[in-house]
Ligand SMILES: [Zn+2]
């Protein structure tokens, strides 16, 4: 089933006054997240946020992530998995439900790594300085987190530290600069104050109403950045598979393997 037309011109994605009522895309398919025959629907041509699974409500980058996890680790349900900043749908829910050994953490600026935030029943882990033991996990998952850190090199090193040899950090991050070199958007000053190098841009934050600042415009050179920082072997995977609802800009999935 195909209704309407697929607009591939991303320059339209934030066009003023975009008429969402007249845009409708639908296609039958199979969802890698809920593992059901579903319909993928979008009322906007910016599929990254709008091409929803009719059953589980997942979006393309979540389905791409789940696809890659299943490909790299067909036995993922038996593995020791940690997810930083999990969402409340999509791959996070499946990993939490199906993995025998799943744990998660969020970053709360007022808490130290390892402390519990009772309100959310969630432990705090600062990715740049985690309290988790060395070589604990087979799989470490993050979704659209690594563009918000002030010291991502430290975070990639820390994630590699808590992975078992042969384990992997599998994650999504918007590689907005593509072939252009990575750019810094904001840094911390000597007193911890934020110094903006570009106009501030914020993304939604699952645990607060405040947006979270984007600190990096990553390019495809992120793979070399990670490997240099953490001694890993990183590949960037790009999937386009509309019958599985995996089509959108900025849905690359990175696999950083610890040697
Ligand atoms: Zn689904």
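Here, each number is a calculation from the coordinates, and none is a lab measurement. Note that the structure is a prediction, hence the values are computed from the model and not measured. Reconstructed Cβ throughout: ideal geometry from the backbone, glycine too, with neighbour counts over all protein chains shown.
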Tell me, which helices (runs of 4 or more DSSP H) lie completely within the stretch 12-111 with 3 or more residues that are within 15 Å of the ligand (Cβ to nearest atom)? 60-72, 91-98
Restricting attention to strands (runs of 3 or more DSSP E) lying wholly within the stretch 159-259, give those where 2 or more residues are over 18 Å from the mean Cα position of the chain (by Cα). 163-172, 186-188, 194-196
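Given the options 175, 251, 222, name the one that is touching a helix residue (DSSP H, G or I) at 6+ places or on another chain (Cβ under 6 Å), under 26 Å from residue 67 (Cβ atoms) and surrounded by 12 or more Cβ atoms within 10 Å (Cβ to Cβ). Explain how you work it out, then say what you get.
Numbers: 175 fails: touching a helix residue (DSSP H, G or I) at 6+ places or on another chain (Cβ under 6 Å); 222 fails: touching a helix residue (DSSP H, G or I) at 6+ places or on another chain (Cβ under 6 Å).
Just one listed residue meets the conditions, 251.
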